[in-house]
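Only one structure is covered here, and it is reproduced in the block below.
Laboratory data are not the source of any read-out in this text; all were calculated from the coordinates shown. Quick caveat, the model's predicted, so the values are computed rather than measured. Cβ sites come from the backbone with ideal geometry, for glycine too, and all protein chains shown count toward neighbours.
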Amino acid sequence: MALQNPTPSEYIQHHLTNLTYGYHPENGWSFAHGAREASEMGFMAIHVDTMAWSLGLGILFCWLFRVGANAAHSGVPTGLLNFVELMVEFVDKSVKETFHGTSNLIAPLALTICCWIFLMNLMDLVPVDLVPYLFMAAGVEYMKIVPTTDVNATLGMSIGVFLLIIFYSIKIKGLGGFVGELTLQPFGKWMIPFNFLLEGVGLIAKPISLALRLFGNLYAGELIFILIALLPFYLQWFLSVPWAIFHILVIVLQAFIFMMLTIVYLSMAQEHH
């Protein structure tokens with residue numbers, strides 16, 4: 001790595017720093033050389049590695065499912081086709097059991113969320129030093145390959161879900177019905193400010209909880225892998241393999257939870273009180 005004989009603190013900080021591009025007051029438009037420069041670039045800086053890996057994995061998902069769809073036939077499915085049909089049937093069943101409205105968007109959205117987040121989470125099983133060292137050999141100082149360990153990525157996805165909640169709430173109930181839902185319940189018209197405070201907090205909490213739940217679990221998992229990498233070699237294998245096996249459950253579960261909560265929130269947005 002760029003650091004020679006790093007201390008444990010420097011090693012951890014290096015592996016948790018994104019490849020950031022933005023405008024620095026002293027260096028102009030450039031890549032940040034460390035977490036301090038990245039913070040000084042402010043809000044308009046972009047995490048290049050998060051964007052690149054998330055978009056790349058999204059394209060991989062689309063390509064795999066397109067290949068599977070083109071290979072569909074009336075016989076017994078095998079290989080990739082079997083996996084694609086399994087995922088489609090699983091998501092379709094989950095949507096039918098949970099979503100009580102009518103929409104052609106919900107099932108494809110749920111399938112995309114589940115598979116995309118799963119692929120991003122799956123990158124957490126790649127050895128923590130492998131990809132950063134390969135990129136450092138090519139002159140790239142920082143490289144985080146797990147997009148869901150970046151709160152900007154998880155918050156971006158949750159904001160997308162939040163906008164859909166607002167859209168469907170207004171579409172189904174009308175603007176007046178949506179405003180009334182925020183101001184007239186649970187205590188009636190005489191408690192409008194208090195009602196709005198309660199309902200507003202509940203509404204805002206949905207995207208925040210979606211984002212922080214996914215980010216917190218994956219960030220903690222990645223941090224544990226980094227801490228294990230600091231141990232002697234014989235202890236690394238002794239601890240990393242059991243943790244990786246357990247972490248597979250976290251990877252799948254977090255993708256499923258994000259998908260199911262999205263379906264539930266959008267179903268609630270279409271329900272009349």
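Just want the ordering: T7, T98, from fewest to most Cβ atoms lying within 10 Å of their own Cβ. Display every interim value, and only then the final one.
Details: T7 10, T98 17.
Exposure proxy ranking, most exposed first: T7, T98.
Tell me the Kirkwood hydrodynamic radius of the stretch 10-68 in angstroms, computed as one over the mean inverse distance between distinct C-alpha pairs. Let's see the in-between values first.
On the way: mean 1/r = 0.0771 Å⁻¹.
So the Kirkwood estimate lands at 13.0 Å.
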**Asked** For K171 and Y23, what is the calculated FRET efficiency with R₀ set at 45 Å and r taken between the beta-carbons, to the nearest 0.05?
**Response** 0.70
**Message:** Whole percent per 5 Å bin, from 0 to the bin with the longest distance: what is P(r) over all C-alpha pairs of the chain?
**Reply:** 1, 5, 10, 13, 14, 14, 12, 10, 9, 6, 4, 2, 0, 0
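Which value, to two decimals, describes the C-alpha radius of gyration of the stretch 161-232 once divided by 2.2 N^0.38 Å? Walk me through the numbers on the way to the answer.
Working: Rg = 19.4 Å, N = 72, 2.2 N^0.38 = 11.2 Å.
Normalised by 2.2 N^0.38 Å, the Cα Rg of the stretch 161-232 equals 1.74.
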**Request:** Only loop residues by DSSP count here, and only those with at most 15 other Cβ atoms within 10 Å; note down the chymotrypsin sites (Phe, Trp or Tyr not before Pro) in the stretch 25-90 that meet that.
**Result:** F43
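Can you check what the net charge comes to around S30, using other residues whose Cβ is under 15 Å from the Cβ of S30 (Lys, Arg +1; Asp, Glu -1)? Intermediate values should be presented prior to the final figure.
On the way: positive: R36; negative: E26, E37, E40, E141.
Within the 15 Å Cβ shell, the charges total -3.
Would you be so kind as to identify all helices of the chain, as entire DSSP H runs, whose Cα atoms reach 27 Å or more along the helix's own axis and whose mean Kyte-Doolittle hydropathy is at least 1.0? Can you show the working numbers first?
Values: long enough: 48-70 (33 Å, 1.12); 79-98 (29 Å, 0.42); 151-183 (33 Å, 1.35); 192-229 (55 Å, 1.43); 233-269 (52 Å, 1.86).
Helices meeting the criterion: 48-70, 151-183, 192-229, 233-269.
Would you mind ranking I59, I228, I117 by Cβ crowding within 10 Å, fewest neighbours first? Could the numbers behind the result be given before it?
Working: I59 10, I228 18, I117 28.
Final ranking by Cβ density, sparse to dense: I59, I228, I117.
Per-residue ellipticity at 222 nm for the chain, helices alone: DSSP H runs ≥ 4 residues times -39500 (n - 2.57), over residue total, nearest 500 deg cm²/dmol?
Details: 9 runs with 190 residues, N = 273.
Only helices count here, giving -24000 deg cm²/dmol.
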**Request:** Could you list the square roots of 5 times each eigenvalue of the Cα gyration tensor of the stretch 84-163, that is, the equivalent ellipsoid semi-axes, sorted largest first and rounded to whole Å?
**Result:** 34, 15, 8
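How much net charge surrounds A255 when only the other residues with a Cβ under 14 Å from the Cβ of A255 are counted, with Lys and Arg +1 and Asp and Glu -1?
Computed value for this residue: 0.
What are the semi-axes of the equivalent ellipsoid for the stretch 1-119, taken as the square roots of 5 times the Cα gyration tensor eigenvalues, largest first, in whole Å? Please list the in-between numbers first.
Details: eigenvalues 354, 65, 37 Å².
Ellipsoid semi-axes (Å, largest first): 42, 18, 14.
Among the chymotrypsin sites (Phe, Trp or Tyr not before Pro) within the stretch 182-222, which fall in a DSSP loop and have no more than 16 other Cβ atoms within 10 Å of their own Cβ?
Numbers: sites: F187, W190, F194, F196, F215, Y219; in loops: F187.
Listed in order of number, the matching sites are F187.
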**Asked** Going down the table (K96/K206; K96/K189; K93/K206; K96/K173), which pairs top 28 Å between alpha carbons?
**Response** K96/K189
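Equivalent ellipsoid semi-axes for the stretch 102-254, as square roots of 5 times the alpha carbon gyration tensor eigenvalues: give them largest first, rounded to whole Å.
Details: eigenvalues 350, 56, 39 Å².
Listed largest to smallest, the semi-axes of the stretch 102-254 are 42, 17, 14 Å.
Assuming R0 = 35 Å, what is the FRET efficiency of F83 and A220, from their Cβ-Cβ distance, to the nearest 0.05?
Details: r = 28 Å, r/R0 = 0.81.
My answer for the efficiency is 0.75.
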**Message:** Tell me the net charge near V126. Cut-off is 15 Å between Cβ atoms, V126 excluded, with +1 for each Lys or Arg and -1 for each Asp or Glu.
**Reply:** -3
